[in-house]
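The values are calculated or read from the model by the stated rules, or taken from the named source; none is laboratory data. Every value quoted in this text rests on a predicted model; they were computed, and no experiment measured them. Because the Cβ atoms are built from the backbone with ideal geometry, glycine has one as well, and the counts that use them run over all protein chains shown. SASA here: full protein model, heavy atoms, side chains in, ligands and nucleic acids out. Shrake-Rupley method; radii C 1.70, N 1.55, O 1.52, S 1.80 Å.
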Amino acid sequence: MKLILADVKSSWERQDHNLKCERVSVILKQKKKMLLMLLLCFVVVLATACSGNVKSPVGKSDGSGSGDKKVEYVKIAALAPLSGAYAINGQNVIKGTEMAVEEINANGGIKSLGGAKFKLVTADTGSSDPSHAASVARRVIQENPDLTAMIGLWASSYTLAGSTVTEQAKIPLLSQSFTDEITARGYKYVFQFPAKASKMGELSVDYLLKAAKENNYEIKTMAVLSDNQSSNKTVGQTTAKKFRENGVNVPVEEYYKPGLTDATAISTKILNADPDLIYAAGALSDLSLIMKTLRGMGYKGTFLGSGAGYVLSQFNEATGDAGNGSFATAGWNWDFPYPGAKEFNQKYVEKYKEPFAPQEAGEDYAMVYALKAALEKAGTTDHEKVRDALSQVSIDSIMTGGHVSFDETGMNKDVEPVLIEWIDGKPRTIYPTNASSTKPIFNFEK
């Protein structure tokens, strides 16, 4: 029995010894790995210190624009609806942006950044859901950590949603949208280039009533038929309010969801008011359907709108005789007298084989040049410094008013809306007189 116990004890002791040896072996291996890692880190640090030349990430700047940290490019993004009802407008955004980028790059890039060239990223916000635009903006920022600024997102509802994302990311956003809310929220990184929707609505009434009086066209009753997108609805409501203040009867306002397939029902409601003028706004496909339906039902008065479908080169082809003589407020037009506007229009027509440069193309072309001016001043791609430089921009421009500078809210304080009329297949600027290229024409039966 004693021998058996002795053997068991001996066996346990051997197992315990083996386990201790295994643990010691594991610990020695771990320490060996740690020593090797520390040695590797030491070698890397030593090599970096000895090199004396650490380059900044591509697209970033040390603020000097030269030297070892030279900026290789300045990445900007243009977001717009490239599919859906407003695809044509969105494509014009990209065209105008691309033209400016190509010109600036061909002429030496950003001088204060050592000749850094613009690199353009584009993305489609084409959905009727504004939250989709916000998601697209978020994705673009996440996929491009070296992004310097964003241009877009065209539709006011898209811009309102997307600007919350750019503001959180501290990415400067240059917007061609109209709605008043864009620069009324205390955001620091948003810059609005065209006139506000409310101002467009007010001045369009002043301009049109003046033109009507000069042409002996009496407007006693008007009606509103607009899509329910943010800026169009704002302009429609402001327009109706302003007409009422001027003694014009406005018995009906109809706001529809974009993507009409039949305009008969809403056209009947409008015509029951027997209007002399109809404020009609929306995508070109909706406008064309509305105008042709109304004309087919006997309407012989005039139309008034704002931006969107009215500023496209395809408007004349889409609406035909139904849209001839239509008036609209616009943020930009091809026939402006400002320096550089004529040359831009000519280059656009040659490049894209279109009859004239549309509103969005002119606005976005102007925005890229304003961003260039800010980058030249900042001498860096740092978001805060670019934002500060944008707030101090004061340059001649092809934008309405011929100049761009911003107030403390980020609103372009030099801009003014214009009234256009479709005459002989093109939108012509008729008011204000300092920007007009022709006089208005009223050829409508009572």
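In table form, for the structure just shown:
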{"item": "Complete set of residues in the stretch 424-437 that are touching a Ser or Thr at 6+ places or on another chain (Cβ under 7 Å) and open to solvent by 20 Å² or more (accessible area, probe 1.4 Å)", "result": "Arg428, Ser436, Ser437"}
{"item": "Residue identified as within 25 Å of Gly282 (Cα to Cα), free of Cβ contacts under 8 Å to residues at least 40 places away in the same chain and surrounded by fewer than 22 Cβ atoms within 10 Å (Cβ to Cβ) among Asp321, Asp335", "result": "Asp321"}
{"item": "Breaking point among (1) under 32 Å from the mean Cα position of the chain (by Cα); (2) not in a helix (DSSP H, G or I), for Lys233", "result": "(2)"}
{"item": "Residue count for the stretch 267-292, restricted to those that are assigned to a helix (DSSP H, G or I), open to solvent by 20 Å² or more (accessible area, probe 1.4 Å) and polar (S, T, N, Q)", "result": "2"}
{"item": "Residue list for the stretch 346-364, restricted to those being open to solvent by 20 Å² or more (accessible area, probe 1.4 Å) and either of a type in the set (Ser, Thr, Tyr) or in contact with a helix residue (DSSP H, G or I) (Cβ under 8 Å, 6 or more places away or on another chain) (or both)", "result": "Lys347, Lys351, Tyr352, Glu354, Pro355"}
{"item": "Total residues in the stretch 395-433, condition modelled with pLDDT of 90 or more, polar (S, T, N, Q) and part of a loop (DSSP other than H, G, I, E, B)", "result": "3"}
{"item": "Test: residue in the stretch 349-356 that is within 26 Å of Leu208 (Cβ to Cβ), within 17 Å of the chain's Cα centre (by Cα) and not in a helix (DSSP H, G or I)", "result": "no"}
{"item": "Pairs where the first residue, in the stretch 249-262, is over 13 Å from Gly282 (Cα atoms) and β-branched (Val, Ile, Thr) and the second is open to solvent by less than 50 Å² (accessible area, probe 1.4 Å) and part of a loop (DSSP other than H, G, I, E, B), C-beta under 9 Å, 6+ apart", "result": "Val250/Ala273; Val250/Pro275; Val252/Ala273; Val252/Pro275"}
{"item": "Residue count, the stretch 365-394 (criterion: open to solvent by 40 Å² or more (accessible area, probe 1.4 Å) and not in a helix (DSSP H, G or I))", "result": "3"}
{"item": "Those residues of the stretch 94-113 which are farther than 20 Å from Leu375 by Cβ and touching a Leu at 6+ places or on another chain (Cβ under 9 Å), in sequence order", "result": "Ile94"}
{"item": "Residue in the stretch 409-418 that is surrounded by fewer than 24 Cβ atoms within 10 Å (Cβ to Cβ) and free of Cβ contacts under 8 Å to residues at least 24 places away in the same chain present", "result": "yes"}
